[in-house]
Amino acid sequence: MSKEFDVLVIGGGPGGYVAAIRAAQLGFKTACCESNPYADPKGEPRLGGTCLNVGCIPSKALLHTSHLFEEAAHGFESQGIQVGQPKIDVTTMIARKNGIVDQLTGGIKGLFKKNKVTQLNGHGSFVGRAGEAWQVKVGDEVVTARQVIVATGSKARHLPGIPVDNKIVCDNVGALDLDAVPKKLAVIGAGVIGLEMGSVWRRLGSEVTVLEALPDFLSLADVDLAKEALKLFGKQGLDIQLGCNIGEVKVTKKGVTIAYTDKAGAAQKLAADRLVVSVGRVPNTDGLNAEAVGLELNERGMIAVDDHCRTNLPGVWAVGDVVRGPMLAHKAMEEAVMVAELMAGQAGHCDFNTVPWVIYTSPEIAWVGRTEQQLKRDGIAYRAGKIPFAFNGRAMGMGAPEGFVKMLACAETDRILGVHIIGANASELIAEAVVAMEFGGAAEDLARICHAHPTMSEVVHEAALAVDKRPLHF
Ligand code: FAD
Ligand code: NAI
């Protein structure tokens, strides 16, 4: 007899595990199936998806270690600390990162137990309907559930003719697991992964060249932010080449060579010890058997959903990287909670206008809402306040004077339309802007809120004041 649940979640990443936990909290008999080939110490597929295993968490662990290394190498001396030339033990760094992954992925298991979510080990694949319910094959057994949430996530997009072995030519999986600091590292794609992973290995001593197809750098970001970032990364020694057209990539005995044409159309060849290919991600729908049950995909191969993550099939929902929208863990988690609450008849809601973006380079880059170029394009009248961190006492004390906060507010109503930050702790500072925007706040609201002194958050305050042309410290 098949196992029966109220809710079956397919995929145990941030979208899936959060959906399962929230559904169980709301009283549904819930199961979550996961087919991650990487097993935990008990031999079961690890939960946590891309985020915990080969994404957000391991990358941030390596970014932290490499940041400390760079500080020790270049930031200490001017403060009177002499430690000599630091050395990196890559094995220990990777082991620490793996330890964090073990702990957190195991933690999801604990959360499942606590919330009475059943973990099913195996790949989920639609079979068909059983009355009002859906039958899904998980491994060798068939599971029946009235509601199914597809949260199968994404995987790295690879380029034709550039096979990834995750040793010499890596995607995110291999880039997080290099066994030594490559003397020369090439990266294809100057997006979020290229910048974060390029930063990790550059800080540890690699000569990093990033080859980007587009003529513009970080075209998703506010143009001022992107300009400042390009300047600062260049100063740090990250060689970012825009407008490149990648040709033949050859793996050699020594490493890899990449033929490409540069912005000017000139033929170039780059030799490197390792190559990271980070050119975006594609949705995971392999083996889901979507066609057999008529589950609709969009033109990009993502599961087609409405604003509430409903698919075209009754009782089937989809969240996270496998659907439209930014491929971010917190967006997946928001959708997950929304879907579970909608299933329970509650008013689940997701505000896609206030999903923050963070790039964990140094300085960090973070934004929420609309960019200046979008406002111009849409003909929306706005006022801008922009304040550099260089005028902030805390930033000076921390040795982090780079960057700025830029706030964009509606010229008519003063409502905050976008906040763009490049600077230390931008990842944390952006939360204030998200809250303000969620509450429909005006720049004047932030300008009239007391901010602790000395903190970096004072620059957010000053930017709000600057919208009305009355900054106090600039
Ligand atoms: P996933 O995390 O991809 O999880 C999907 C899960 O479903 C996987 O475990 C997979 O094994 C499983 N699965 C797939 N098909 C099936 C099936 N048929 N049956 C059973 N199981 C299945 N986002 C951020 O917000 N912040 C960051 O700092 C950040 N850093 C990142 C760094 C890197 C290097 C990468 C690659 C990504 C990063 N992301 C970050 C993006 C983030 O990881 C994803 O947006 C997030 O993991 C999406 O969650 P998800 O649950 O939709 O999918
Ligand atoms: P991305 O979409 O951020 O960047 C890919 C880059 O590769 C783009 O600039 C694109 O123009 C370029 N590109 C595409 N094809 C190319 C080609 N043939 N040659 C050269 N350049 C090419 O994708 P990335 O970096 O792979 O990351 C995937 C996603 O993972 C991100 O979009 C983001 O959603 C998520 N992520 C989020 C992080 C965070 O929140 N801090 C960190 C890392 C990843």
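The values are calculated or read from the model by the stated rules, or taken from the named source; none is laboratory data. Here the structure is a predicted model, which means the values were calculated and not measured. As a convention, Cβ positions derive from the backbone with ideal geometry for all residues, glycine included, and neighbour counts pool all protein chains shown. Quick note on the areas: whole protein, heavy atoms, side chains included, nothing else; ligands and nucleic acids left out. Shrake-Rupley method; radii C 1.70, N 1.55, O 1.52, S 1.80 Å.
Find all pairs meeting these conditions: Cβ atoms under 7 angstrom apart; at least six residues apart or on different chains; first residue within the stretch 225-244 and closer than 18 Å to Lys406 by Cβ; second residue open to solvent by 40 Å² or more (accessible area, probe 1.4 Å).
From the stretch 225-244, the pairs are Leu232/Glu402.
Quick check: is even one residue across the stretch 442-457 on the phi > 0 side of the Ramachandran plot and in the same structural domain as Asp378 (by TED's automatic domain parsing)?
No: zero hits.
How many residues are within 16 Å of ligand 2 (Cβ to nearest atom) and not in a loop (DSSP other than H, G, I, E, B) when one looks only at the stretch 12-44?
The total comes to 2.
Name the residues in the stretch 112-139 that are open to solvent by 60 Å² or more (accessible area, probe 1.4 Å) and either touching a helix residue (DSSP H, G or I) at 6+ places or on another chain (Cβ under 6 Å) or of a type outside the set (D, E, K, R) (or both), would you?
Residues satisfying the conditions are Lys116, Asn121, His123, Val127, Gly131.
Sort out which residues of the stretch 140-166 are farther than 30 Å from Val249 by Cα, open to solvent by 10 Å² or more (accessible area, probe 1.4 Å) and touching a Ser or Thr at 6+ places or on another chain (Cβ under 8 Å), and write them in order of number.
Glu141, Val142, Thr144, Thr152
Mind telling me which of the residues Val339, Val282 ends up being within 15 Å of ligand 1 (Cβ to nearest atom), under 30 Å from Val249 (Cβ atoms), modelled with pLDDT of 95 or more and hydrophobic (A, V, I, L, M, F, W, C)?
Result of the check over Val339, Val282: Val282.
What about Ala175, is it near ligand 1 (Cβ under 8 Å from one of its atoms), farther than 16 Å from Gly11 by Cβ and in contact with a Phe, Trp or Tyr (Cβ under 9 Å, 6 or more places away or on another chain)?
Against the criterion (near ligand 1 (Cβ under 8 Å from one of its atoms), farther than 16 Å from Gly11 by Cβ and in contact with a Phe, Trp or Tyr (Cβ under 9 Å, 6 or more places away or on another chain)), Ala175 qualifies.
Given the criteria over 30 Å from Arg470 (Cα atoms) and either modelled with pLDDT under 95 or in contact with a helix residue (DSSP H, G or I) (Cβ under 9 Å, 6 or more places away or on another chain) (or both), does Tyr382 qualify?
Criteria not met by Tyr382.
What are the residues in the stretch 304-330 that are among the acidic types (Asp, Glu) and out of contact with any Pro (no Cβ under 7 Å at 6 or more places or on another chain), if any?
Passing the criteria: Asp306, Asp307.
Which one of these is within 16 Å of ligand 2 (Cβ to nearest atom) and charged (D, E, K, R): Lys254, Lys263?
Just a single option satisfies the conditions, and that option is Lys263.
Given the criterion part of a helix (DSSP H, G or I), within 26 Å of the chain's Cα centre (by Cα) and within 12 Å of ligand 1 (Cβ to nearest atom), identify the matching residue among Leu52, Leu8, Leu47, Leu104.
Answer to the check: Leu52.
What's the number of the only condition in (1) open to solvent by 50 Å² or more (accessible area, probe 1.4 Å); (2) free of Cβ contacts under 8 Å to residues at least 12 places away in the same chain; (3) under 27 Å from Thr361 (Cα atoms) that Arg274 fails to meet?
Unmet condition: (2).
Can you tell me how many residues in the stretch 154-184 are within 15 Å of ligand 2 (Cβ to nearest atom) and not in a loop (DSSP other than H, G, I, E, B)?
9
Looking at the structure I just gave you, is Glu248 out of contact with any helix residue (DSSP H, G or I) (no Cβ under 9 Å at 6 or more places or on another chain) and either over 28 Å from Ile365 (Cβ atoms) or open to solvent by less than 20 Å² (accessible area, probe 1.4 Å) (or both)?
It is true that Glu248 is out of contact with any helix residue (DSSP H, G or I) (no Cβ under 9 Å at 6 or more places or on another chain) and either over 28 Å from Ile365 (Cβ atoms) or open to solvent by less than 20 Å² (accessible area, probe 1.4 Å) (or both).
I'd like the full set of residues that are within 11 Å of ligand 1 (Cβ to nearest atom) and basic (Lys, Arg), limited to the stretch 266-279.
Hits for the stretch 266-279: nothing passes.
Looking at (1) under 30 Å from Val150 (Cα atoms); (2) within 16 Å of ligand 1 (Cβ to nearest atom); (3) not hydroxyl-bearing (Ser, Thr, Tyr), find the lone condition where Ile94 falls short.
Only one criterion is unmet by Ile94, namely (1).
Residues that are within 30 Å of Gly128 (Cα to Cα), at least 2 per element: which strands (runs of 3 or more DSSP E) completely within the stretch 204-311 meet that?
The strands (runs of 3 or more DSSP E) meeting that bar are 281-283.
Looking at Ala340, Ala395, which is the one that is under 30 Å from Leu26 (Cβ atoms) and crowded, with 21+ Cβ neighbours inside 10 Å?
So the residue among Ala340, Ala395 that is under 30 Å from Leu26 (Cβ atoms) and crowded, with 21+ Cβ neighbours inside 10 Å is Ala340.
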